[in-house]
Amino acid sequence: MHRLLAFIAATALVATACNQAQSVALLGDWAATLGAASTDNWANPIAEGLAPFSQYGQRAGGCGTACGSRNHRGMDLHCPSGLPNVDPVKAMADGIVVGSQTDDGFGPLVVVQHEGTGFSSLYSHMEEALVVVGQRVVQGQTLGLCSNREGHSPLDRFETSKPHSHVEILTGEANDYENYLDMRKAGQTLDPWPLVSAQ
Ligand SMILES: [Zn+2]
């Protein structure tokens, strides 16, 4: 009995030491993620210093369908080369890919959940998504190519404006694309430009 108690005590000590080491490691991961994705450390998704040609918020009247939705929930950034399928669209912060698909409005898109930070981001109007759901990405990693491609059809894709991509940030950690859309409809988007231009 005495031996058994000693064995249990020794096992508990080892377990405690392991848990402490694991906690320190997890805390390190969490701090690294938070540091990369906190609101004062976002990176421009296309090119440093490149300002959006169409800002977040209500667009000027008369825009019509040529500008998409009147209430613009993200920012539009031109492809620096002026060409589609050349310039990378990059992750604004570390995270995990929870959406990688094509839809009729956004075209090829990627959604990144910035775990532990309370934020998610969306990158759309790309030529194609180059990452898959479940993939971890780091700030600056290429997610797709800048293009202005909307929906499944190439029709009219370069008629309304020069090649560009549409990028959003929202407050909430999306689990998948549907979850992202629900939070978007609930008004949880915010202006990305002050975040990515603060560097
Ligand atoms: Zn847009």
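Using the number of other C-beta atoms within 10 angstrom as an exposure proxy, rank Trp193, Trp42 with the fewest first.
Trp193, Trp42
Taking a ≥ b ≥ c as the square roots of the eigenvalues of the Cα gyration tensor, segment 57-196 is oblate, since a/c reaches 1.5 or more and a/b is not larger than b/c.
Simple spin-label estimate for Thr102 and Val132 gives 1.8 nm between the two label positions (7 Å along the Cα-to-Cβ direction from each Cα).
Work out the length of the dipole vector of segment 57-196 about its Cα centre, built from +1 on the beta-carbon of each Lys and Arg and -1 on the beta-carbon of each Asp and Glu, and round it to the nearest 20 debye. Each step should come with its number before you reach the end.
Working: 10 positive and 17 negative charges, 64 e Å.
Taking the Cα centre of segment 57-196 as origin, the dipole is about 300 debye.
Read-outs throughout are calculated quantities, based only on the coordinates presented, and are distinct from any laboratory measurement. Keep in mind it's a predicted model, so treat the numbers as computed, not measured. Because the Cβ atoms are built from the backbone with ideal geometry, glycine has one as well, and the counts that use them run over all protein chains shown.
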